[in-house]
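Inspection log for the structure reproduced underneath, given as structure tokens.
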Amino acid sequence: MKYVIDGSFLLEKTSGVIRYAYEIVNRLDRMAADLDLEILVPEGKLIQPADYKNIRMVRHGSSQGKKWLQVDYARYVKENHARPVCMTNLYPLMSKGGIACIHDIAFKMHPELFTAKGDWHEILFRKLMYLRAFHKADQVVTVSETSKQEILSHYHLKNPNVAVIGNAWQHYDVTDTDETIFDQLNGVHKGDYYFFLSSLAVNKNLLWILKNAEQHPEEQYVLTGQPLGDESLSEYRDLKNVTYTGYLEDAQIRALLKHCKAFLFPSTYEGFGIPPMEALCMGAKIVISRIDCLREVYGSSAYYIDPANPQIGIDELLKEEVSPAKDVLERYSWDRSASELFHIIQSL
């Protein structure tokens, strides 16, 4: 049986889901000499570099995004009597069999995160797509035991033996840091700031950071990501102890992680939560939400906060003892994750 990987992630900017697909497929390629594997990629400029030795790359279809997956990819898989391998939280509505990696079911667990105008389109699409994936895929994969239990508690699956294949951190070149970032950030000194790196998605809980910064004007906070665009946050834009960096290169981010007092991650919902792992591999302490997924992944190696209560002193929290970062880092690797996917394809 031929398996065809959805390779649309090669045309996407890096995110947690894109990183997951890219790193695992790269390593799967090294193991795939005896597998009949293709990766189907839309026409267009590759953003993620790809040089596969054993997985055959096929360029096909000029449409983009969901339309490409649901039409071009699905049709190609069917016409070639193949099975889909979808790694990015998506699955073709007209396909069956194969492997569907569903990272989380956020719309089902936290519908309050989807309240913007037009979000109902996304919710309807996710409902239909996940029903199809769970009823038709030969193997469902997810990224944490917490996510697995959420899926099993809300859906009936064709194959209830959901495989857990986690994220990892080895994509971070810890020796490549751009220390010149500190020359660009006025008032930000090594070892004397808290660091937050995220999008402005509601579940990332930026408001927790801003409220904590407001209550602790003596502390410095560095926020990297998109600029504040939400009017509900406008009252916090002028906090003197908060530095907004905007978009930064990876080497600059690694420098900020390496020298921060702690990395802050007050997220209210995650399927896995990879940024704290990237912080740990850079030697940073991590202050994260006390939610099931993060407790599963980070265990006793993290400092925990209530994501609904920003009224804490982080300096006091950091005086507590936690387990070494290696207790987390040794449990996760992209090679191990790729090997688990390889064995699933073999068994199917």
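The values are calculated or read from the model by the stated rules, or taken from the named source; none is laboratory data. Treat the numbers as computed from the prediction; the structure is a model and nothing was measured. With ideal geometry, Cβ positions are generated from the backbone for all residues, glycine too; neighbour counts draw on all protein chains shown. Calculation scope for accessible area: heavy atoms of the full protein, side chains included, ligands and nucleic acids excluded. Shrake-Rupley method; radii C 1.70, N 1.55, O 1.52, S 1.80 Å.
When chymotrypsin sites (Phe, Trp or Tyr not before Pro) are flagged only if DSSP places them in a loop and at most 16 other Cβ atoms lie within 10 Å, the longest unflagged stretch of the chain comes out as 115-246.
Measure up Lys240/Lys285; Lys2/Lys148; Lys45/Lys240; Lys117/Lys211; Lys45/Lys326; Lys13/Lys261 against 31 Å on the Cα-Cα distance and list the ones that go over. Kindly include the intermediate steps, with their values, before the conclusion.
Working: Lys240/Lys285 24 Å; Lys2/Lys148 27 Å; Lys45/Lys240 41 Å; Lys117/Lys211 26 Å; Lys45/Lys326 38 Å; Lys13/Lys261 29 Å.
Where the Cα-Cα span goes over 31 Å, the pairs concerned are Lys45/Lys240; Lys45/Lys326.
Tell me, what is the FRET efficiency for His135 and Glu218 to the nearest 0.05, using R0 = 56 angstrom and their Cβ-Cβ distance as r? It comes out at approximately 0.50.
The Rg/Rh ratio of segment 240-292, with Rg taken over Cα atoms and Rh as the Kirkwood radius over Cα pairs, comes to 0.98.
For segment 166-226, compute Rg over Rh where Rg is the Cα radius of gyration and Rh is the Kirkwood radius from the inverse mean 1/r over Cα pairs. Provide the component values of the computation, followed by the final result.
Details: Rg = 14.0 Å, Rh = 13.9 Å.
Taking Rh as the inverse mean 1/r over Cα pairs, Rg/Rh reads 1.01.
The charge dipole of the chain, taken about its Cα centre with unit charges on the Cβ of Lys, Arg, Asp and Glu (plus for the first two, minus for the last two), comes to roughly 1460 debye. Summed over all non-identical Cα pairs, the Kirkwood treatment of segment 1-41 gives a radius of 10.8 Å. For Val222, neighbours were defined as the other residues whose beta-carbon sits under 13 Å from its Cβ, and their charges (Lys and Arg +1, Asp and Glu -1) total +1.
Averaging the Cα positions of each part gives two centres, and for segment 244-314 and segment 94-119 these lie 24 Å apart. Evaluate the Debye formula for segment 125-225 with equal point scatterers sitting on the alpha carbons, no solvent, and hand back log10 of I(q)/I(0) at q = 0.10, 0.20, 0.25 Å⁻¹, in q order, two decimals. Cα-only, vacuum Debye calculation for segment 125-225: -0.54, -1.06, -1.31.
Using the 1.4 Å probe convention, the accessible area of segment 197-348 works out to 44 Å² per residue with neighbouring protein chains retained. Three semi-axes describe the equivalent ellipsoid of segment 76-195; taken as square roots of 5 times the Cα gyration tensor eigenvalues and ordered largest first, they are 37, 20, 15 Å. Expressed in Å, the radius of gyration and Dmax of the Cα atoms of segment 268-348 are 15.3, 52.
Which angle from 0 to 90°, rounded to the nearest 10, does the C-alpha axis of helix 145-154 make with the longest principal axis of the chain? Long axis of 145-154 versus the principal axis of the chain: about 60 degrees. The largest-to-smallest principal axis extents of the Cα set in the chain are 63, 41, 38 Å. Toward the positive end of the charge dipole of the chain, with +1 on the Cβ of Lys and Arg and -1 on the Cβ of Asp and Glu, the farthest Cα among Ile55, Val141, Met94 is that of Met94. For segment 200-348, the percent of C-alpha pairs falling in each 10 Å distance bin, counted from 0 to the bin holding the largest distance, reads 10, 37, 35, 12, 5, 1. One compactness figure for segment 1-111 is 1.02, namely its Cα radius of gyration divided by 2.2 N^0.38 Å.
Tell me, what is a quarter of the convex hull surface for the C-alpha atoms of segment 128-168, in nm² with one decimal? Could you put the intermediate results ahead of the total?
Values: hull surface 11.3 nm².
For segment 128-168, the mean projected area of the Cα convex hull comes to 2.8 nm².
Taking the Cα centre of segment 138-277 as the origin, how large is its charge dipole in debye, to the nearest 20, when only Lys and Arg (+1) and Asp and Glu (-1) carry charge on their Cβ atoms?
340
Each DSSP beta bridge with both residues in the chain is either parallel or antiparallel, and the antiparallel ones are about 0%. What is the percent carbon and sulfur in the accessible area of segment 1-52, measuring with a 1.4 Å probe over the protein chains and ignoring ligands? Carbon-and-sulfur percentage of accessible area, whole number: 46. For GluC sites (Glu not before Pro), the sites in segment 26-129 that DSSP calls loop and that have at most 14 other Cβ atoms within 10 Å are Glu43.
What net charge do the residues around Ile314 carry, taking every other residue with its C-beta under 15 Å from that of Ile314, with Lys and Arg at +1 and Asp and Glu at -1? Walk me through the numbers before you get to the answer.
Working: positive: Lys211, Lys261, Lys285, Arg290, Lys319; negative: Asp192, Glu214, Glu218, Glu219, Asp306, Asp315, Glu316, Glu320.
That sum, taken over residues with Cβ under 15 Å, equals -3.
Of the residues Leu206, His156, Leu185, the one whose Cα sits farthest towards the positive end of the charge dipole of segment 149-254 is His156 (charges of +1 on Lys and Arg Cβ, -1 on Asp and Glu Cβ, taken about the Cα centre).
Give me the dipole magnitude in Debye, nearest 20, for segment 265-348 about the Cα centre, with unit charges on the beta carbon: positive for Lys and Arg, negative for Asp and Glu. Kindly include the intermediate steps, with their values, before the conclusion.
On the way: 7 positive and 13 negative charges, 19 e Å.
Rounded to the nearest 20 debye, it is 100 debye.
Rounded to the nearest 10 degrees, the angle from helix 119-136 to the longest Cα principal axis of the chain is 50 degrees.
With respect to the chain, whose longest principal axis is taken over its alpha-carbon atoms, helix 16-31 is tilted by about 50°. Couplings for segment 105-114, taken from phi via the Karplus curve 6.51 cos²θ - 1.76 cosθ + 1.60 with θ = phi - 60°, read 10, 4, 5, 7, 7, 9, x, 5, 7, 10 Hz in order; Gly and Pro are left as x.
Along the chain, the longest continuous region that contains none of the trypsin sites (Lys or Arg not before Pro) in a DSSP loop with at most 10 other C-beta atoms within 10 Å is 118-239.
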